[in-house]
Amino acid sequence: MLILLFFSISILTGCKKGITVIGEDIPSTHSMENLKDEIIAKYPKPIRIDFVKDPYEVMVRKANQDLASGTGVYDVILQYNTALASYASNNYVYNLSELREKLGEFTTDGKFKFEDKLFKKTWEEVGYYRKNSSFGGREEPFGVPFSANTMFLVYNKNLFSDEKYKNAFYEEHKIELKPPEDWSTFKKIAKFFTNSSDKTWGLVMQGGVYWIYYEWVNFSFSRGGGVMDKRKTRGWQGDENTPLILSSKETLEATKFYLSLKPYDGSDDFFSMDAGKQVEKMRKGNIAMCIMWSDVAYNLLKNAFDPGMFGFSPIPGDVSMLAGGSFYINNKSKNPIEAMQFVLFTMEEEIQSKLMLQGLCSPIRSVYKNPEVREKIPYTDALFDSLERGVYMLEAGPESDAIIVTISEMLQKLWRKGEDANILGTLESAEEDIKSKRRRIYEQIRKLKLADK
Amino acid sequence: MSNLSFRQNVALWPILLILFLQLLYVLPIFGSFSDLSLFNFIEDNGHNSLLRTILFTIITTFFQIAFGFFGALLLYRIKSTKIQIFFVLFLLPALIGNVTIASLLNKMPWFPSWLESRPFLGTLTVLGLIQLWQYGFLFLYLFWFRLQFIDEKFENFLKSNNFSFSERVSHLFWPQSKNLGVLLAIFGVIFNFYEQSKISIFLKSSGALNTEFISHWISKIYQQNQGVNASFAAKTVLGYSGILIIPTFVLSFIFILTILRGGNFVTKKVSIFNFNFLEKTPKFLIYIFLSLSILSIIIPLTFTLKNLFPFYQASLKIYFENILYILPTSLFITFFVILSGIILRLNFPRLLQRFSVQSMPLFLILFIFRMIPPTGLSFCGLELHRLFLGKLSMIIFWFISQAILIFPFLIIFVLFIHFEVKENEIKFLQQLRTKFNEIIGLLFRRRFFLHYIFLFLFAWAFTWNEDTVTEVLFFKFNSVNILLKTKNMGKGLSMNESSSLILPNLIITVLILILWGFLTNKYISRGKDNR
């Protein structure tokens, strides 16, 4: 009986024309799912929209497999810029020109309405690609950004506004205790709040693989260092010959500074600290500051005992990270028009404002002026300012994942060794490792292209 | 098969069907070997992860079996059924599954500072202790359970003839437990070699930190290669997964040989390996051992539960959906396995009466499928189920994938418990031309009723906790286990939501164990009274 029941329920819930959207299980995706009914109402005909939410690695595998095998299960894929190179160069997804052609009635002067409203630098970072990825040649947009992310400074307002701490800090440093605008003050504040008698810590830093890299690039790039010698370009640009600057003087100094923060880190277990655990740690109320992903800031506030205790500002220095993801329309989608319409309707300003109120970091600039958004989302200004001054910090070429893993493991080794670490030697070794991995990856790409011909 | 009778050939059909389905399932692995230049194990630094995994597996499996057997010998001396009922708690860590354990570890209120730097020995020791906690107690319970069915008359005969405890171990307890030891060795090798979730969620795997085991390394290879394209990345994972069958197979074989041959060596050299201390241990020390064992299960759970209660929010709807899919699946699989096991036992009365050189190949072949890394199995699932994209066919594919994943464990357990059925009993009833259903009643149903219930418990726990294939299939019901995994990692982490998933999970498991405890207690006492 149970078996029959089990199968009949499956049949009854069966097929109806619709689209499937896959994304990471985070507030950005939840917000779209929560507004599903409003988006559906905009369609001229009834439609079903299913959301599939998974942990990042699982989402990547499922989306990749669907694209590679051409099964067209997922119509819209909410993916990050590390996938951009593979999706574009393997022709897995529609590019924007194709979308404009198919949905011509929604365009004005050959463009969609939202195009002029986007954070341009974010779009170019997460959604543009040049198939011939070396410098030169025409770049074109492949994905429409679904979120404009960054990493910003989150600080504990209760600690910062406590008179005891304000006076003591001034006493010691002769400057006001406020969110730091330069890295030197950042370190002073971190040191100041690391106090075993008060059981407070200056920082909580992320040490898990991938997470450690994302945090480190903030330090590295804002001090003139980085991974590749391609200043003022995009993460997806470059090729196997692009010079690496991992062992440059600037990167070395930035890494030394990064490692010098270790005594002020309050994570119980640094190497397992990821974005989600960092949020939990900040909620405990005894950490002064952290550098946090903007797309988890909503979670920080959502169930916090006292959401008002958190303040937000761009990271110290004068540059911030550009990150985020794009809507990718599967070119084997069985309902490509409906999939594209989903993107269009989601990108309407009214919907974007509502999405931002539910955790999305909107890629539409005007949403950040919405009074309700400004009132209810306390990180609006910090996010906006970060995106305005954002630059490339994250690698997004075909070798990006190999680079991220190599640098993550390198940083973990350095953190573990502490003061005894041979920082320059380790950076140089990582550089060689990246060169070797990069060479193999590009060799493989060439091999596969030849095989296709 | 040409030397087998018609009935024996037919009896093999259930196993052959499953083997056929398993072979189909892993076809993508064979396809990945078309270009061997893709595989650079040393250059990709797989050797460090592999060596670490092998070392961990050998040591942990050894301790799990040793702890299980000797712990059972100690607890064998407790005859009070009122106390024995508490032994069911030993099953709790294994039944709650890897993801729940990892989630609970994540919620520990403190973290040992010496572990933060991930020292080699310290890290492997902690991971080994977690594995021992999860499976060592399960093994202890199974060994103890096995000892409950020892012929008391024979034991009394040995005692009255002044056989020392060591001699009774070598002549009675070990021979009766040896087959179980082999079975648990295979389980232990597979569980330990492919340990993945607990490390990923709790300590986070990393090639720089002694926490990257071979399963994690394969996932890393995929991640690094996906920039080329998805097919290429999947091919490398599938290829490496195929290659890794070899070390797992070899390790299992070594353990089996060690237990079969080594156990004999130990029992022959009783004077060197003296177990009399187990009999001489004062009863109060045994009760202390029991109390500490139970407390080691309850205290971490209670301590962590205390931290979960403030966050609990009801989510019972998800549980109902899970039960709707998992209950019929596990019931059907259990029934299929029991029937297959009975048919095989009846048609191979001599071959399947013990683990032996002749029967070992059959057992190992059944397990080869499970010697493929979970990541490889999940990619096979991904590759294949694009052929099953209609909603109904996706559900069928999920069902079949669960069946073939768990079949090796269940069938080998069933074949093992059916060793109790003697060849002459079968031949006697066959000569009398007894009907099939009567044979089942006489030889199997009453004798193994409790074992079959346990089998169902195992099938249920396995399907509930399965996170390898379920999470990657395009069809997905809201698996509690997968949701729990999501809520414990990365940007999706949520203390509230994971707490609301763990608590009902634990409550259901404890209720099941209480029922199981009363059932076993009643059955064992009745069995002893009848003897």
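The values are calculated or read from the model by the stated rules, or taken from the named source; none is laboratory data. Note that the structure is predicted; figures quoted are calculated from it, not measured. Cβ placement follows ideal geometry from the backbone for every residue including glycine, while neighbour counts extend to all protein chains displayed. Surface areas here come from the heavy atoms of the whole protein model, side chains and all, with no ligands, DNA or RNA. Shrake-Rupley method; radii C 1.70, N 1.55, O 1.52, S 1.80 Å.
Rounding to the nearest 10 and keeping the result within 0 to 90°, find how far the Cα-based axis of helix A:211-222 lies from the longest principal axis of chain A. So the helix axis and the longest Cα principal axis differ by about 70 degrees. Ranking A:F345, A:I403, A:T380 by how far each Cα lies toward the positive end of the dipole of the range A:290-422 (charges on Cβ) leaves A:F345 at the top. Burial annotation for the range B:390-411: residues with an accessible-area loss of at least 20 Å² between the isolated chain and the complete set of protein chains, computed on heavy atoms with a 1.4 Å probe, are B:K391, B:L392, B:I395. Excluding ligands, DNA and RNA, the accessible surface per residue across the protein assembly as shown is 39 Å² with a 1.4 Å probe.
For the peptide B:110-119, the mean number of other protein chain Cβ atoms found within 10 angstrom of a residue's Cβ is 3. With one equal scatterer per alpha carbon and no solvent term, the Debye-computed log10 I(q)/I(0) for the protein assembly as shown at 0.06, 0.07, 0.09, 0.10 1/Å reads -0.47, -0.64, -1.02, -1.22.
Can you give the relative contact order of the range B:384-531 as a percent, counting alpha carbon pairs under 8 Å and 6+ residues apart? In percent, rounded to a whole number, it is 22. Computed over protein heavy atoms with a 1.4 Å probe, the carbon and sulfur contribution to the accessible area of the range A:63-195 reaches 45%.
In chain A, Cα pairs under 8 Å separated by at least six residues give a relative contact order of 25 percent.
Helix-only arithmetic for chain A: the sum of -39500 (n - 2.57) across DSSP H runs with n ≥ 4, divided by the residue total, places the mean residue ellipticity at 222 nm at -13500 deg cm²/dmol. Need one word for the range B:38-192: rounded, prolate or oblate. Basis is the Cα gyration tensor (sqrt eigenvalues a ≥ b ≥ c); a/c below 1.5 gives rounded, then a/b vs b/c decides. Since a/c reaches 1.5 and a/b is larger than b/c, the shape of the range B:38-192 is classed as prolate.
The share of accessible area on chain B that comes from carbon and sulfur is 69 percent, using a 1.4 angstrom probe. Working from Cα pairs under 8 Å separated by at least six residues, relative contact order for chain B is 25 percent. For the range B:275-418, the residue among B:Y325, B:L415, B:G376 whose Cα projects farthest onto the positive side of the dipole built from Cβ charges is B:L415. Taking Cβ atoms as reference points and 14 Å as the exclusive limit, the residues near A:R100 contribute a net charge of -4, counting Lys and Arg as +1 and Asp and Glu as -1.
If only the Cβ of Lys and Arg carry +1 and only the Cβ of Asp and Glu carry -1, the dipole of the range A:120-199 around its Cα centre is close to 160 debye.
With a 10 Å cut-off around each Cβ of B:488-501, the average count of Cβ atoms from other chains is 6.
Of A:L427, B:N505, B:S49, which is farthest towards the positive pole of the protein assembly as shown's charge dipole, taken about the Cα centre with +1 and -1 on the beta-carbons of Lys, Arg and Asp, Glu respectively? The listed residue farthest towards the positive side: B:N505.
For a distance above 14 Å, tell me the whole-number percent of Cα pairs in the range A:167-213 that qualify. Summing the P(r) of the range A:167-213 above 14 Å gives 58 percent of all pairs.
For the range A:206-356, a simple Cβ point-charge model (Lys and Arg +1, Asp and Glu -1, everything else neutral) yields a dipole of about 140 debye relative to the Cα centre. In order along the range B:427-432, the phi-based Karplus estimate (6.51 cos²θ - 1.76 cosθ + 1.60, θ = phi - 60°) of 3J(HN,Hα) comes to 5, 4, 5, 5, 5, 7 Hz; Gly and Pro are listed as x.
All other residues whose Cβ lies under 15 angstrom from that of B:L506 are scored, Lys and Arg at +1 and Asp and Glu at -1, for a net of +2.
With coordinates expressed along the principal axes, the C-alpha atoms belonging to chain B extend over 71, 59, 48 Å, beginning with the largest. Mean silhouette area of the range B:397-501, derived from the convex hull of its C-alpha atoms and averaged over all directions, reads 9.1 nm².
Per the Debye calculation on the range A:360-412 with a single equal scatterer at every Cα and no solvent contribution, log₁₀ I(q)/I(0) for q = 0.14, 0.19, 0.31 Å⁻¹ amounts to -0.57, -0.73, -1.18. Report which residues of the range A:248-272 become buried by 40 Å² or more of accessible surface when going from the isolated chain to the complete set of protein chains (1.4 Å probe; DNA, RNA and ligands ignored). Residues shielded by partner chains are A:D268, A:D269, A:F271. Among the trypsin sites (Lys or Arg not before Pro) in the range B:409-462, those placed in a DSSP loop whose Cβ has at most 16 other Cβ atoms within 10 Å are B:K422, B:R433, B:K435. Within 10 Å of the Cβ of each residue in A:363-370, the mean number of Cβ atoms contributed by other protein chains is 0.
Sorted largest first by accessible area at a 1.4 angstrom probe radius, with every protein chain in place, the residues A:L344, A:L427 fall in the order A:L344, A:L427. Here's the list of aspartates and glutamates a cross-link from A:K376 could span, going by alpha-carbon distance under 19 Å and ignoring same-chain residues fewer than 8 apart: A:D295, A:D306, A:E349, A:E350, A:D385. Taking B:I59, B:I508 and ordering them by how much accessible surface each has at a 1.4 Å probe, largest first, produces B:I59, B:I508. Compared with the dominant principal axis of the Cα atoms in chain A, helix A:400-417 is inclined by about 20°. With respect to the cross-link table entries B:K204/B:K487; A:K256/B:K198; B:K153/B:K178; A:K36/A:K284; A:K121/A:K249, which display a Cα-Cα separation exceeding 22 Å? Correct reply: A:K256/B:K198; A:K36/A:K284; A:K121/A:K249.
Diffusion coefficient of the range A:301-368 by Stokes-Einstein, Kirkwood radius over Cα pairs, 37 °C, 0.692 mPa s: 218 µm²/s.
Amide H contacts for A:F146 (H built 1.01 Å from N in the peptide plane; partners 5 or more residues away or on another chain; cut-off under 5 Å): A:G325, A:S326, A:F327. Percent antiparallel among DSSP beta bridges with both residues in chain A, to the nearest 5? Taking every DSSP beta bridge within chain A, about 65 percent pair in antiparallel fashion.
Under a model in which nothing but the beta-carbon of Lys, Arg (+1) and Asp, Glu (-1) is charged, the protein assembly as shown shows a dipole of about 3500 debye around its Cα centre. Residues of the range A:422-450 that lose at least 20 Å² of accessible area (1.4 Å probe, protein heavy atoms only) when the other protein chains are present, relative to their chain alone, are A:K437, A:R440, A:I441, A:Q444, A:I445, A:K447, A:L448. Between chain A and chain B, roughly 5900 Å² of accessible surface gets buried, counting both sides and using a 1.4 Å probe.
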